[in-house]
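Here the structure is laid out as structure tokens; the discussion comes afterwards.
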Amino acid sequence: MTLLRADDLSVAFGAHQALSEVSLSVAAGEMVAQIGPNGAGKSTLFNLLGGQLAAQSGRITLRGVTLAKADPAAFCRSGIGRIFQITRCFASMTVLACVQTAMLAHHRQIWRFLRPAERAFRPEALDVLARCGLGDQAGRDAASLAYPDQKRLELAVALASNPAVLLLDEPASGLAAPERLAMMRLVAELARQGIAVLFSEHDMQSVFGFADRIIVLHQGRVIATGTPSDIRTNPQVQDVYLGGNQPNE
């Protein structure tokens, strides 16, 4: 079942056409990668789908409902979670409190900050941390986590809103090969649980190893979409992006 759909999204910044008539869809349980050279429009597309930016034309629908106004909080409450390339955690809080805070915000219970909130959504937050491999670090300060665990915490914070769709901007960025593989396996497990995943990644081993489908952007347009096998052998994609640096089978 298709959860997220974008039809003919276009946006320009002055004379620069950042995206032109971009369409895509992501189904429940599917991992879709978007790739392309620098300046292809990947970040702009994520900002549209996350509600940080408004399209000048086109439409975004989630579960068949149009998301008409750019509003990150509204997009999140509708079921779209996002993590960014640069980690954004609440460094002054414990790992558990970071997830609890995200849950309080999602349920519009910010007023609970006016009184002790240590028990708010505690079982739910601990469950999310366990799903992300951080169950034994709930009491640690977020600032003290190693970088790979900071990436996992950011994913846990995104899961706090119980999203139907996850937008992951380079989830394995900055990780060594074993840690990168562990992160991608974690994301794949979330997809198997029914979450629709759209991710952007420069590491082609992660893309070709985990994506069910790949969308290739170039100069703000979709130039190819298909299975990893389709994209691997696409002459235009090889010319503008993959070149001779294709991942091994």
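The values are calculated or read from the model by the stated rules, or taken from the named source; none is laboratory data. Keep in mind it's a predicted model, so treat the numbers as computed, not measured. All Cβ positions, glycine included, derive from the backbone under ideal geometry; neighbour counts span all protein chains shown. Accessible surface is based on the protein model in full, side chains and every heavy atom, while ligands, DNA and RNA are left aside. Shrake-Rupley method; radii C 1.70, N 1.55, O 1.52, S 1.80 Å.
Can you tell me which residue in the range 116-139 is modelled with the lowest pLDDT, limited to those that are of a type in the set (D, E, K, R) and assigned to a loop (DSSP other than H, G, I, E, B)?
Checked the range 116-139; the qualifying residue modelled with the lowest pLDDT is E118.
Being among the small types (G, A, S), under 13 Å from the mean Cα position of the chain (by Cα) and within 26 Å of V95 (Cβ to Cβ), is that true of even one residue in the range 160-172? Yes; the residues of the range 160-172 include at least one that is among the small types (G, A, S), under 13 Å from the mean Cα position of the chain (by Cα) and within 26 Å of V95 (Cβ to Cβ). Against the numbered list (1) modelled with pLDDT under 95; (2) outside any helix (DSSP H, G or I), A102 comes up short only at (2). Residues in the range 192-205 that are in a helix (DSSP H, G or I) and at pLDDT below 95: M204, Q205. Taking first residues from the range 218-234 that are touching a residue at least 12 places away in the same chain (Cβ under 8 Å) and under 13 Å from L24 (Cα atoms) and partners that are assigned to a helix (DSSP H, G or I) and not β-branched (V, I, T), the Cβ contacts under 6 Å between residues at least 6 apart in sequence or on separate chains come to I223/Q236. Inspect all residues belonging to the range 119-135 and state whether any of them is under 24 Å from I35 (Cβ atoms) and in contact (Cβ under 8 Å) with a residue 40 or more places away in the chain. Checking the range 119-135: not a single residue is under 24 Å from I35 (Cβ atoms) and in contact (Cβ under 8 Å) with a residue 40 or more places away in the chain.
Kindly establish whether E179 is surrounded by fewer than 22 Cβ atoms within 10 Å (Cβ to Cβ) and either closer than 26 Å to G79 by Cβ or of a type in the set (K, R) (or both).
Numbers: surrounded by fewer than 22 Cβ atoms within 10 Å (Cβ to Cβ): yes; either closer than 26 Å to G79 by Cβ or of a type in the set (K, R) (or both): no.
So E179 does not fit the description; no.
Summed over the range 197-217, residues that are farther than 21 Å from L3 by Cβ, touching a helix residue (DSSP H, G or I) at 6+ places or on another chain (Cβ under 9 Å) and open to solvent by 10 Å² or more (accessible area, probe 1.4 Å) total 5.
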